[in-house]
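Remarks on the structure that follows.
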2 protein chains.
Amino acid sequence: MPPFDVPEGDPFGPHNLPYGVFSPAGSTERTVGVRLGDHVLDAGAAARALGSPYASLLARPSLNPLLAAGRTTWSDVRRALTAWVTVPAHQEAVGAFLHPLASVTLHLPFEVADYVDFYASENHARNVGQMFRPDAADSLTPNWKHLPIGYHGRSGTVVVSGTDVVRPSGQRKAPADPAPVFGPSVRLDIEAEVGFVVGVPSERGRPVALGDFREHVFGLCLLNDWSARDIQAWEYVPLGPFLGKSFATSVSAWITPLDALEDARVAPPDRTHPLLPYLDDAQDEPGGYDLRISVAINGSVVSEPPFSTMYWTAAQQLAHMTVNGASLRTGDLYGSGTVSGPEPWQRGSLLELSWNGRDPLELPEGKRTFLQDGDVVTLSAWAPGPGGTRVGLGEVSGRITASAVV
Amino acid sequence: MPPFDVPEGDPFGPHNLPYGVFSPAGSTERTVGVRLGDHVLDAGAAARALGSPYASLLARPSLNPLLAAGRTTWSDVRRALTAWVTVPAHQEAVGAFLHPLASVTLHLPFEVADYVDFYASENHARNVGQMFRPDAADSLTPNWKHLPIGYHGRSGTVVVSGTDVVRPSGQRKAPADPAPVFGPSVRLDIEAEVGFVVGVPSERGRPVALGDFREHVFGLCLLNDWSARDIQAWEYVPLGPFLGKSFATSVSAWITPLDALEDARVAPPDRTHPLLPYLDDAQDEPGGYDLRISVAINGSVVSEPPFSTMYWTAAQQLAHMTVNGASLRTGDLYGSGTVSGPEPWQRGSLLELSWNGRDPLELPEGKRTFLQDGDVVTLSAWAPGPGGTRVGLGEVSGRITASAVV
C-alpha cells in the first residue's frame, strides 16, 4: 500500500499531522518530520522540492524556528502540509520524502527553555491529600481552587520517548527511621500528564491574558513526570519537589498542533469557587481538551485517565504563570499535572492506583506497587477528530534501568 | 593614569580579572570582556592581536564557550590574561583594547540553562522558621541538617545587574481574608545570595562527587533572588515557591573565576549532624568562601551578610543536585540561598531585617519594611585575595518600577 493511503480510521491520518524531529536511517542529521500513518515526511525536503517558502522553517534540526513563527504561520504551514499529502498532484513529488517510521531515529523535538509542572486534577490532588494528610478537614489545600498550583522543574533532563530512565538514588526517611538512609529509590512512580509547548515568547513585565493562549501555545504532547516518592516525601517541605523529580521527564516525540484538536475542545468542570478576573474563563471558548489517555506497564493497560476532567485549563495555567510579569520563551514547556479521573481505574500515578502501596496492581508478570527495574511504561492517547475520526497523540515510553549508584 | 596602572588596593586589580560580556560604546555587538580596575579589556580582540589560541573562546557573544572548555583551559586562559595585563612588553598591544567601564554596555554574561536556588544559611532558615512556625519545637524542618534544600527557579527571567524589576502582581490572602485578592505585591523583598556558574556538563545518570566540584563549576557571582512574600505565602504549599520568585532574578555582570578566590577559602561551620557519605566533606579541602557582602538600599548600607557562615557549601549543593542522576549543562546557575549571619545587621532579606515588618528600617528617605517603587537595591562584596589584597565581586543592582498591572 503506498504511504499516502493511510487506512481509514488511522489516528495519524492527514487530519492529524503532528511534528517531530528525526534522522533518516543511516544518518545522524536532524530535521523536522511530520507523521503520516506509519511514515514520516521529511517536511523540509518536501518544502524545498515544492519551492515552498516554509523550507526555512522546516529544514531545521529542531522545531524552535517553527514554534517562534507564530499562529498565522502555524496555520499556513499546516494548510500547505495538508495539501502536500492529500492533493494527488503533489503526491509524486512528496512521496520521495516519506520514510517508514520504524526506520528513523526520533529526537527531542524542541529545545526546552523553562519547564513548569502544574497540579491541576482535582481528583489527583484529593487522592494525594487523603493519603498524606488524612486528618485534614479538606483534602485540598486552601489555595487549590483559587489558583493553578505549579512549580519549576529541570528542563535539562527532559528526554524524548524511548529514552531509558535510570532509577534515581537519594535520601529517604520513614517516620520511624532515626536518620535518613541513602540508596536507590524504592518508590519509583509515573505521572501521566499532558505537556504544552510555548511557541511565541512574551515580554518580561507583561502578563499574557487568558484569551491570548492560542497566540502563544503551539501544541501539546504526552508527558511522563517520573517521580521518586520516597525521595520527594523527605525533601519537599518547605520548598517543594526537587530531586524526587529532576532525574528525568519524558515527552512524546510528536507535538500535536492545537489546530489538529479543534474537535476535542470541551468545557472544563464546573467551577465551585469564584475566580479572580485574570483566571475567569466563564465567558471564553471551551478551554478543556477531551484527550483519552492510556497508561500501560509492560504492555498491560493499568489506567485510562480522562484529560477532560482537569479542573484548570492550559489557558488558565498560562495566564497564571505570567500574571506576575514572568516572560515566556520559545520552547517553554508546561505539564498539566497528573491526570486522574474520578474512577479508580482512571488514576494517573501508581501512588494512587496502588493507594500508596496498600493495593498492589496485578500484572501478568506479577504484582506492582511501584516500578521495578526493567519495567516499561507507555502513555498513549487519542482525541476526537473531525467527522468521527480519532487524532492520535504520540506515545511516550520509557524503561527503568538499575540505579548507577549502589 | 594609564589603564594598566590600577591603584594599589583596587579590588579589581590584575589578581582578580572577572569575566563578563559587553558592547563597546556605539556598538551592539557583544563580546567577552575582562574587568581591570575601571576599564574593560576586549579579551577576544586582545587575543587575536597577540595571536593567542584562546581567541576562539573569547571573541564570542557569551561566556558559554569558555565555560564549556574545562578547568585546564580556564587556568591557561587566566594565566594568559594575567600576562597580557602585567607584562610590560604586552601592554602596548593590549592597551588598544581597553574601554572605560563607564562607556560600555554590560550584558547577561552567559546563557542560563537550569536555575536552582538553595536555602543553605542556618541563620536565615531559623529566622524564617521562627517567624512562620512560631509554635514548632525546632525552627528548622527535620530535613534541614541532612540535605541542602533546593528547588528549581525560572531561568528565563534571570537578568543582569542594572535591569529594572517590575513590581509583580498576583494573588495574596491574609489569614483573616475570606478570599484571595489580586494586585501589586505589597511585600516585595530581596534575597542576598551568591550564584555559582556551571561550566562543564555531566551525564544523565552519573552523580558528580563532592571532590569534582572544581571540575564543573567555573566561578561565582552575586545574585539577588527578588521575592514577593505575600504572593509566596499564599501559593507555596505544597509545591514550593513559584510566582513569588519567577518574575526576576538579578545577577552581577561579572563572573569571578574560582581561581581568583583561592585565598578566600574557609572551612564551613562545624556540622552538628552526621552526613551521608556523598555529602561528607570532613576530609576535603575547605569548601566555604569568605565573601563579605553588603546590601544597600538607595545607597544606604542596611546589612553585611557574611558568606562564610553558610552551613552547606557549593560543592555539597552540586553533589546533592546530581546525586539522583540529574545531569548538568553548561550555563547551569545555582544560588546559595539567602546569606544571613548570626547578627541582626547581617541578615540578607528585608523579611528578616524588619522581622516580618514589625521593625521598620530607618533610611534617610524614610522607613522601610519592604521595597517601594523607585528603590534601588545594590549588593556588593569582596573576598580576601593574595598578599592582603581584596578581590571585588561585581555588584548586582536593580531598581523597582511600578507594577504593569493595576
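Some points to look at:
- Any hit, segment A:277-288, residues being within 14 Å of chain B (Cβ to nearest Cβ) and among the polar types (S, T, N, Q): no
- Matching residues in segment A:357-367 - criterion: being in contact with a helix residue (DSSP H, G or I) (Cβ under 9 Å, 6 or more places away or on another chain) and part of a strand (DSSP E or B): A:Leu361
- Just one of the listed residues (B:Ala25, B:Ala46) is crowded, with 22+ Cβ neighbours inside 10 Å, touching a Ser or Thr at 6+ places or on another chain (Cβ under 9 Å), farther than 17 Å from B:Leu258 by Cα and at pLDDT 95 or above, and it is B:Ala46.
- Checking A:Val302, A:Val266 one by one, the residue that is touching a helix residue (DSSP H, G or I) at 6+ places or on another chain (Cβ under 8 Å) and either farther than 26 Å from A:Gly219 by Cα or within 14 Å of chain B (Cβ to nearest Cβ) (or both) is A:Val302 and no other.
- Selection within segment A:49-74 - part of a helix (DSSP H, G or I) and in contact with a helix residue (DSSP H, G or I) (Cβ under 6 Å, 6 or more places away or on another chain): A:Ala49, A:Ala55, A:Leu57, A:Leu58, A:Pro65, A:Leu66, A:Arg71
- When residues in segment A:133-146 are screened for being closer than 16 Å to A:Ala233 by Cβ and in contact (Cβ under 8 Å) with a residue 60 or more places away in the chain, 0 of them pass.
- Any hit, segment A:314-334, residues being in contact (Cβ under 8 Å) with a residue 24 or more places away in the chain, within 14 Å of chain B (Cβ to nearest Cβ) and in a strand (DSSP E or B): yes
- Filtering segment A:105-125 to residues that are β-branched (Val, Ile, Thr) and away from every other protein chain (no Cβ under 14 Å) leaves only A:Thr105.
- Residues in segment B:149-182 that are facing chain A (nearest Cβ under 10 Å) and assigned to a strand (DSSP E or B): B:Gly150, B:Tyr151, B:His152, B:Gly153, B:Val159, B:Val165, B:Val166, B:Ser169, B:Gly170, B:Gln171, B:Val181, B:Phe182.
- Note on segment B:126-148: residues that are more than 9 Å from every other protein chain (Cβ to nearest Cβ) and under 27 Å from A:Gly156 (Cβ atoms) total 2.
- Residues that are farther than 22 Å from B:Pro286 by Cα and among the acidic types (Asp, Glu) within segment B:209-237 comprise B:Asp225, B:Asp230, B:Glu235, listed in sequence order.
- Test result for B:Arg329, among the basic types (Lys, Arg), modelled with pLDDT of 95 or more and within 17 Å of the chain's Cα centre (by Cα): no
- Residues that are buried (at least 16 other Cβ atoms within 10 Å of the Cβ) and at pLDDT 95 or above were ranked within segment B:86-104; the one that is nearest to the other protein chains (Cβ to nearest Cβ) is B:Val104.
- Residues considered: A:Val194, A:Val160, A:Val181. Of these, the only one that is among the hydrophobic types (A, V, I, L, M, F, W, C) and over 30 Å from B:Val208 (Cα atoms) is A:Val194.
- Every residue from segment B:368-406 that is part of a strand (DSSP E or B), aliphatic (A, V, I, L, M) and more than 14 Å from every other protein chain (Cβ to nearest Cβ): B:Val376, B:Val377, B:Leu379, B:Ala381, B:Ala383, B:Val391, B:Leu393, B:Val396
- Comparison of B:Ala83, B:Ala69 shows that the only residue that is of a type in the set (Gly, Ala, Ser) and surrounded by fewer than 18 Cβ atoms within 10 Å (Cβ to Cβ) is B:Ala83.
- Some residue of segment B:19-41 being in contact with a helix residue (DSSP H, G or I) (Cβ under 6 Å, 6 or more places away or on another chain), in a loop (DSSP other than H, G, I, E, B) and of a type in the set (Asp, Glu): yes
- Some residue of segment A:203-214 being touching a residue at least 60 places away in the same chain (Cβ under 8 Å) and in contact with a Lys or Arg (Cβ under 6 Å, 6 or more places away or on another chain): no
Yes or no, residue by residue, for (1) within 30 Å of B:Val6 (Cβ to Cβ); (2) among the β-branched types (Val, Ile, Thr):
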position: B:Ile293; (1), (2): yes, yes
position: B:Val302; (1), (2): yes, yes
position: B:Ser354; (1), (2): no, no
position: B:Gly385; (1), (2): yes, no
position: B:Val396; (1), (2): yes, yes
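- Exactly one residue out of A:Val128, A:Val40, A:Val112 is β-branched (Val, Ile, Thr), surrounded by 15 or more Cβ atoms within 10 Å (Cβ to Cβ), in contact (Cβ under 8 Å) with a residue 60 or more places away in the chain and within 22 Å of A:Leu328 (Cα to Cα), and it is A:Val112.
- Subset of segment B:322-373 (residues that are under 18 Å from B:Gly299 (Cβ atoms) and of a type in the set (S, T, N, Q)): B:Gln372
- Residue list for segment A:225-270, restricted to those being touching a residue at least 40 places away in the same chain (Cβ under 8 Å) and among the basic types (Lys, Arg): A:Arg229, A:Lys245
The values are calculated or read from the model by the stated rules, or taken from the named source; none is laboratory data. This structure is a prediction, so every number in the text was calculated from the model and none was measured. Positions of Cβ are generated from backbone atoms using ideal geometry, with glycine treated the same way; all protein chains shown enter the neighbour counts.
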